[in-house]
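The values are calculated or read from the model by the stated rules, or taken from the named source; none is laboratory data. Quick caveat, the model's predicted, so the values are computed rather than measured. Cβ coordinates were reconstructed from backbone atoms using ideal geometry, including for glycine residues, and neighbour counts include every protein chain displayed. Heads up: the accessible areas ignore ligands, DNA and RNA and are worked out on the full protein's heavy atoms, side chains in. Shrake-Rupley method; radii C 1.70, N 1.55, O 1.52, S 1.80 Å.
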Amino acid sequence: YEAEVDLSNIKKEVGVYNEKIPIKLTKGDYVIEAYVIFKYTIKAAPLLVTVNDASRVYGDENPQFTYTVSGFINGDDSSIFSSNPNITTTATKRSDVGTYKITASGCTAPNYSITYKPGILTVTKRTLSVSVGNYARDYNSENPEFTLDYTGFVNGDDLRVIDTKPYAYTS
């Protein structure tokens with residue numbers, strides 16, 4: 001027998017299907033037209049959303065977080081997302097220097113099973129500038145008391161956050 005099967009109605013979306021598939025069997029002068037009940041499952045393809053690492057300086061706003069996606073098939077790209085990933089971190093502009101997890105969630109795409117890989121936000125130290133003004137004194141007089149000027153404090157911080165305070169002197 002030679003068989004001719006029409007698969008034009010086969011579904012391509014994720015799901016479980018019972019399809020009645022037409023089939024033609026040919027032998028000699030005879031053609032037998034029949035149907036085959038075809039049960040099949042189409043499983044979701046794996047898709048990985050990876051949050052890219054980021055960094056910022058203490059006291060700054062968090063940057064715009066980005067992500068990459070791997071695992072698309074059949075020419076698909078992120079335009080098929082029903083909703084884009086929601087990317088968040090617990091770090092705020094007041095968060096201390098250190099590292100914080102950046103997570104993604106809530107992304108949906110037809111025919112894909114989505115998993116997430118978190119990124120890391122690194123909060124780095126802010127530069128604090130300390131300067132001493134210009135001073136004058138009379139010859140053979142004691143040096144004046146030097147005053148330090150600080151610039152760069154953020155988040156309401158002040159001298160109290162400095163563990164070892166600098167001092168100014170001259171020979």
Discussion item. Tell me yes or no: at least one residue of the stretch 64-71 is farther than 30 Å from residue 153 by Cα and of a type in the set (A, V, I, L, M).
Written reply: yes
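So is residue 79 farther than 30 Å from residue 4 by Cα and at pLDDT below 95 or not?
On the way: farther than 30 Å from residue 4 by Cα: yes; at pLDDT below 95: yes.
Yes.
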Fill in: Answer residue from the stretch 39-53, given it is farther than 12 Å from residue 114 by Cα and touching a Lys or Arg at 6+ places or on another chain (Cβ under 9 Å) and is least open to solvent (accessible area, probe 1.4 Å) among those
51
Worksheet item: Quick check, is residue 53 modelled with pLDDT of 85 or more and more than 30 Å from residue 127 (Cα to Cα)?
Response: no
Worksheet item: Is one or more of the residues making up the stretch 84-106 in contact with a Leu (Cβ under 6 Å, 6 or more places away or on another chain) and within 30 Å of residue 16 (Cβ to Cβ)?
Response: no
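Among the strands (runs of 3 or more DSSP E) contained in the stretch 54-171, which hold 2 or more residues that are open to solvent by less than 40 Å² (accessible area, probe 1.4 Å)?
On the way: elements: 54-57, 67-70, 86-89, 98-105, 112-117, 119-124, 129-132, 148-151.
Correct list: 54-57, 86-89, 98-105, 112-117, 119-124.
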Fill in: Residues of the stretch 13-35 classified as touching a residue at least 40 places away in the same chain (Cβ under 8 Å) and either more than 30 Å from residue 112 (Cβ to Cβ) or not aliphatic (A, V, I, L, M) (or both), total
1
Discussion item. Quick check on this structure: which one of 133, 152 is closer than 30 Å to residue 59 by Cα and touching a residue at least 24 places away in the same chain (Cβ under 8 Å)?
Written reply: 152
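In this structure, does residue 130 turn out to be under 39 Å from the mean Cα position of the chain (by Cα) and within 30 Å of residue 102 (Cα to Cα)?
On the way: under 39 Å from the mean Cα position of the chain (by Cα): yes; within 30 Å of residue 102 (Cα to Cα): no.
Answer is no for this residue.
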Discussion item. Suppose the filter is of a type in the set (D, E, K, R) and within 27 Å of residue 109 (Cα to Cα); does residue 19 pass it?
Written reply: yes
